[in-house]
1. Restrict the check to segment 105-124 and report whether at least one residue is touching a residue at least 24 places away in the same chain (Cβ under 8 Å) and not hydroxyl-bearing (Ser, Thr, Tyr).
2. Would you tally the residues in segment 135-161 being assigned to a helix (DSSP H, G or I) and either surrounded by 14 or more Cβ atoms within 10 Å (Cβ to Cβ) or under 28 Å from the mean Cα position of the chain (by Cα) (or both)?
3. If we scan segment 158-171, do we find a residue that is among the basic types (Lys, Arg) and touching a residue at least 40 places away in the same chain (Cβ under 8 Å)?
Amino acid sequence: MLLAVMDDIAVPATAIVMPRPRTATLVTAAYDAHQRELYSFALRTTGEPAMAEDLLQEAFTRLIVEMEAGRTPTNVRAWLYRVIANLVASGGRRATVARRHVGALAGDDITAGPEPAYLDSERRSDLETALGELDEAERIALVMAANGFKGIEIAEAIGRSGNATRTMMCRSRVHLRERLTSMGSSS
């Protein structure tokens, strides 16, 4: 066994951890048997050769991890297909979230000029005035809803039932919309 000396303490030297011989043999056999069809599946799913290669590599890496943990799949081929499908779905979800937020990121750096900034300021001022006309529970509920809170969370925060909160919020939104229209704001 190799030993490395670090600060006068002998510790086992760490080498690249290779899978056990049985695992390596099984993974190699699975790779040889299924690599082409799995790559084709990944390529058809993504449409990008580089991404298909990455998915294939990740699937086989996960297979090694599973086998080393003693959880060898009973049907390796089906398991690899499922892993690739799950990875594609996860990537799709991440891409959707990224697309949803890219506008906010790009919009922060761009200054459109004084007129849009002034109009935004006016709309904000009108909104603050209209919100100020609502009672405290209505204002809290609408601001919480605008910040992504769910109806039940809002109801708990203002001490009302879910149905009463929904009704109050609907009426408050109608009042807010009418008030903003009468002020000349379009929000």
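1. So in segment 105-124, the residues touching a residue at least 24 places away in the same chain (Cβ under 8 Å) come out as 122-123.
Within this subset, residues satisfying the condition of being not hydroxyl-bearing (Ser, Thr, Tyr) are 122-123.
The answer is yes, given that some residue of segment 105-124 is touching a residue at least 24 places away in the same chain (Cβ under 8 Å) and not hydroxyl-bearing (Ser, Thr, Tyr).
2. Step one: of segment 135-161, the residues assigned to a helix (DSSP H, G or I) are 136-146, 151-158.
From what's left, either surrounded by 14 or more Cβ atoms within 10 Å (Cβ to Cβ) or under 28 Å from the mean Cα position of the chain (by Cα) (or both): 137-146, 151-158.
Number of matching residues: 18.
3. Taking segment 158-171 first, the residues among the basic types (Lys, Arg) are 160, 166, 171.
Those left that are additionally touching a residue at least 40 places away in the same chain (Cβ under 8 Å): none.
Within segment 158-171, none of the residues are among the basic types (Lys, Arg) and touching a residue at least 40 places away in the same chain (Cβ under 8 Å).
Rundown of residues vs (1) surrounded by 13 or more Cβ atoms within 10 Å (Cβ to Cβ); (2) modelled with pLDDT of 90 or more; (3) farther than 30 Å from ARG179 by Cα, yes/no style:
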residue	(1), (2), (3)
TYR31	yes, yes, yes
THR46	yes, no, yes
ALA59	yes, yes, yes
MET67	yes, yes, yes
ASN75	no, yes, yes
ALA98	no, no, yes
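The values are calculated or read from the model by the stated rules, or taken from the named source; none is laboratory data. Source: prediction; values computed, not measured. Here the Cβ is made from the backbone with ideal geometry for all residues, glycine too, and neighbour counts use every protein chain on show.
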